Amino acid sequence: MNKQKVSLATCFAVASAWFGTHCGSGFATGAQATSFWVKFGAHAVYLPVISVLIMAVVAGIMWEICRVYQAKNYRDFANALFNPYQKIFGTIYEILFIAIMVMGVSSVFAGAGALLQSWLGISYVMGVILTIALTVLLTMFGSKVILNSASVLSTILIIVITICTIFGMSAPDAHLGKVVSGWETEYSALPAVWSAILYASFQCVILGATANLVGGFRSSRDSKTAMGFGFLMNGAMMVLLTYMLLAFYPETTEETLPVLAALQKMGMPWLTWSYSLMLFLAFLTTAISCIGSLVTRFEVMAEKAIPKQTLRRFLFSAVIILVCFGIAQFGLLNIIKKGYSAVGYLGVPFVILPVLFIGPKRIREGRKAGKASAE
């Protein structure tokens, strides 16, 4: 019984990590939901389910590959999946992963800039600069504090968003029933479903960030259990947020921060301020986490040239922040619609299809070679 409890706790922890990488600051703005689902009107009632189903299946297979081959990071997973062509396809996967991380930081800067512009009335560029300054300070002096609080902040953000969706769908101006019953949309089902696949695709690239967390898995049952937990957690939040935004369709489809725009329509200042504060903290947490993962990956390349670790990290952090600052000038919606979509297109042939069709074969080969048992 104790072993079973430990196993369930480990599975839940991995599923929570997936939830954190997915439903962080980018998702919480509502911009992703609007760009990939809500803009299709009534079709949005089922699009999140398609996306999360694909994500969950890919996650389950990915985690089982990582368990069988004892992968320590996303590159180890890619090497196991694409063997013996890992030098080519593993590198392509890594490029996609790094691109997503850079766009993640850029979207944080862009989203935070837009949030501070709406919240405090300052200019967009000043909001981005202020966010960068806080990120640098926290990275240098207080990153451990905020990152150790990440799970707590995520939990509070989930609670706040849940409250927002409840109030949103019951607001006087909300018209979810009208949109669905009248099947209000300007699109056919095919482009809507493809958009849901693209969303799942770039999110499956991000799943690589959880590859190093399955060391506690003892059987294929653990991979499946974590997959189930993740499906329920991510799916519930995806559906709730999408339905709330759909209740204000099409008014919020062109908003940079759709959830904030919907809250402002409700005339509840306390809810708007609570959401804005938690969203800004989530932005900072995401920025620090993404920058840290990139710096950790690249700083080893300059160990001989720059022996001092503090200087190496400062230089790499500065370069990453400057690049992300430049990308942030394109705006949050452009990063999500164009940047994430581009990775989504590439993620279908280089991540989703290989995991679904090659992944099970690699798992069987690994078990047969005695790397790990099924049970």
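The values are calculated or read from the model by the stated rules, or taken from the named source; none is laboratory data. Small disclaimer: the values here were computed from a predicted structure and weren't measured. Quick reminder, even Gly has a Cβ in these numbers, built from the backbone with ideal geometry, and neighbours come from all protein chains shown. Note: accessible area is taken over every heavy atom of the protein model, side chains too, but ligands, DNA and RNA are not part of it. Shrake-Rupley method; radii C 1.70, N 1.55, O 1.52, S 1.80 Å.
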Placing +1 on the Cβ of each Lys and Arg and -1 on the Cβ of each Asp and Glu in the chain, which of 282, 351, 193 has its Cα farthest towards the positive end of the resulting dipole? 351
Apportionment of accessible area to carbon and sulfur, the chain, percent (1.4 Å): 68
The chain, accessible area per residue, ligands and nucleic acids excluded (1.4 Å, Å²): 44
Quick shape check on the stretch 311-350: root eigenvalues a ≥ b ≥ c of the Cα gyration tensor, a/c under 1.5 is rounded, otherwise prolate if a/b tops b/c, else oblate, and it reads oblate
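Starting from the residue with the highest accessible area, list 130, 241, 333 in decreasing order, probe 1.4 Å. Don't jump to the answer; show the numbers that get you there.
Numbers: 130 70, 241 0, 333 30 Å².
So, going from the largest accessible area down, we get 130, 333, 241.
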With θ set to phi - 60°, apply the Karplus curve 6.51 cos²θ - 1.76 cosθ + 1.60 along the stretch 331-348 and write out the HN-Hα couplings as whole Hz, x wherever there is a Gly or Pro. x, 4, 5, 5, 4, 6, 5, 9, x, 5, 5, 4, 5, x, 4, 6, x, 5
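In deg cm²/dmol and to the nearest 500, what is the mean residue ellipticity at 222 nm of the chain if only DSSP H runs of at least 4 residues count, each as -39500 (n - 2.57), divided by the residue total? Mind dumping the intermediate values first?
Working: 18 runs with 269 residues, N = 375.
Estimated from H runs of four or more residues: -23500 deg cm²/dmol.
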Roughly speaking, what is the centre-to-centre gap between the stretch 278-354 and the stretch 203-231 when only Cα atoms are used, to the nearest Å? 23
Shape category assigned to the stretch 211-329 from the gyration tensor of Cα positions, a/c cut at 1.5: oblate
Loop-only trypsin sites (Lys or Arg not before Pro) in the stretch 17-82, please: DSSP not H, G, I, E or B, and at most 14 other Cβ atoms within 10 Å. 72
Just to check I understand the Karplus step: with θ = phi - 60° and J = 6.51 cos²θ - 1.76 cosθ + 1.60, what whole-Hz values come out for the stretch 212-221, glycine and proline as x? 8, 9, 9, x, x, 6, 10, 7, 5, 4
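Which loop-located chymotrypsin sites (Phe, Trp or Tyr not before Pro) does the stretch 71-116 contain, where loop means any DSSP state but H, G, I, E or B and the Cβ has at most 16 other Cβ atoms within 10 Å? Don't jump to the answer; show the numbers that get you there.
Working: sites: 74, 77, 82, 85, 89, 93, 97, 109; in loops: 85.
Counting only loop positions with at most 16 other Cβ atoms within 10 Å, the chymotrypsin sites (Phe, Trp or Tyr not before Pro) in the stretch 71-116 are 85.
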On a 22 Å Cα-Cα criterion, which of the cross-link pairs 224/361; 178/265; 39/337; 265/338; 178/337 come out too long? 265/338; 178/337
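Take the alpha carbon gyration tensor of the chain, find the square roots of its eigenvalues, order them as a ≥ b ≥ c, and report rounded if a/c is under 1.5; if not, report prolate when a/b exceeds b/c, else oblate. Each step should come with its number before you reach the end.
Details: a/c = 1.68, a/b = 1.22, b/c = 1.39.
In terms of gyration-tensor shape, oblate.
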Calculated from backbone phi, Karplus (6.51, -1.76, 1.60) coupling profile of the stretch 305-318 in Hz, x at Gly/Pro: 6, 10, x, 6, 4, 4, 5, 4, 5, 5, 5, 5, 4, 4
